[in-house]
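These notes are about the structure you will find just below.
The values are calculated or read from the model by the stated rules, or taken from the named source; none is laboratory data. Model, not experiment: these values are computed from the prediction. Neighbour counts are summed over all protein chains in view; Cβ atoms, including those assigned to glycine, are modelled from backbone coordinates with ideal geometry.
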């Protein structure tokens, strides 16, 4: 396969029930990953400070609720509190959903801007890919709400779906807005590579030992080989 020159980041997503397992997977991926995503919604007991202390690569904390395809089922205020802890601990990134209450998003961005954390405002569709106009509206809403980085991920049925999502990167560039944009599913697998070639901010891979967080994620070693 042709090798590509990229400037975007590769993030290894880790979802595990215990801090010990998270650290084990993170350590195995650190030499290949630019960023480590830790899914707090998969953990029995989040150990945010320990992760920031022991993992050498920048960390992205995600605490995905059930209504956005995640595992978190508790009170919303408690979910948001974990993000404030992540910011205080020095997380590089947090991922908060576009559907989250505007009050919480504003408070998180304000807190993040007092330190070094960048806020990713994300939107996912696990069933389909909207038309271009709908996708653009989502992108502009992320910008309007003050995201440092946007993330738009959909389920693709075919190449047309993939192309509509990747085209968002060109729109975001004109706005000087870093954007993560790719597709899930078998049809979207190659978009996880193409997004960086198009200038996307970041793509996601699974640990080499398996256990990715979404359909279509490839192991980090395989992805690095493509971009070698």
Residue ID - nearest to residue 38 (Cα to Cα), chosen from residues in segment 89-106 that are in a helix (DSSP H, G or I) and touching a helix residue (DSSP H, G or I) at 6+ places or on another chain (Cβ under 8 Å): 89
Any hit, segment 62-69, residues being modelled with pLDDT of 95 or more, under 23 Å from residue 34 (Cβ atoms), under 17 Å from the mean Cα position of the chain (by Cα) and not in a loop (DSSP other than H, G, I, E, B): yes
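Would you mind stating whether residue 36 is under 30 Å from residue 128 (Cα atoms), touching a helix residue (DSSP H, G or I) at 6+ places or on another chain (Cβ under 7 Å) and touching a residue at least 12 places away in the same chain (Cβ under 8 Å)?
For residue 36, the condition - under 30 Å from residue 128 (Cα atoms), touching a helix residue (DSSP H, G or I) at 6+ places or on another chain (Cβ under 7 Å) and touching a residue at least 12 places away in the same chain (Cβ under 8 Å) - is met.
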Single residue of 226, 171 found to be in contact with a helix residue (DSSP H, G or I) (Cβ under 7 Å, 6 or more places away or on another chain) and either free of Cβ contacts under 8 Å to residues at least 24 places away in the same chain or under 17 Å from residue 131 (Cβ atoms) (or both): 171
Selected residue [part of a helix (DSSP H, G or I), in contact with a strand residue (DSSP E or B) (Cβ under 7 Å, 6 or more places away or on another chain), touching a residue at least 12 places away in the same chain (Cβ under 8 Å) and farther than 25 Å from residue 222 by Cα] from 52, 22: 52
Complete set of residues in segment 69-87 that are surrounded by fewer than 18 Cβ atoms within 10 Å (Cβ to Cβ) and either in contact with a strand residue (DSSP E or B) (Cβ under 6 Å, 6 or more places away or on another chain) or touching a residue at least 24 places away in the same chain (Cβ under 8 Å) (or both): 69, 71, 76, 84, 85
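From 116, 176, grab the single residue that is at positive phi and surrounded by fewer than 20 Cβ atoms within 10 Å (Cβ to Cβ).
Result: 176 is the single residue among 116, 176 that is at positive phi and surrounded by fewer than 20 Cβ atoms within 10 Å (Cβ to Cβ).
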Residue tally, condition under 30 Å from residue 114 (Cβ atoms) and under 15 Å from the mean Cα position of the chain (by Cα), over segment 140-168: 8
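Would you mind stating whether residue 63 is closer than 20 Å to residue 112 by Cβ and either surrounded by fewer than 18 Cβ atoms within 10 Å (Cβ to Cβ) or touching a helix residue (DSSP H, G or I) at 6+ places or on another chain (Cβ under 7 Å) (or both)?
yes
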Residue in segment 142-152 that is at pLDDT 95 or above, in a strand (DSSP E or B) and over 17 Å from residue 201 (Cα atoms) present: no
Out of 194, 206, sole residue that is closer than 30 Å to residue 22 by Cβ and in contact with a strand residue (DSSP E or B) (Cβ under 7 Å, 6 or more places away or on another chain): 206
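Based on this model, can you work out whether residue 74 counts as modelled with pLDDT under 95, in contact with a helix residue (DSSP H, G or I) (Cβ under 7 Å, 6 or more places away or on another chain), over 26 Å from residue 7 (Cα atoms) and not in a helix (DSSP H, G or I)?
no
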Number of positions in segment 179-210 that are surrounded by 18 or more Cβ atoms within 10 Å (Cβ to Cβ) and at positive phi: 1
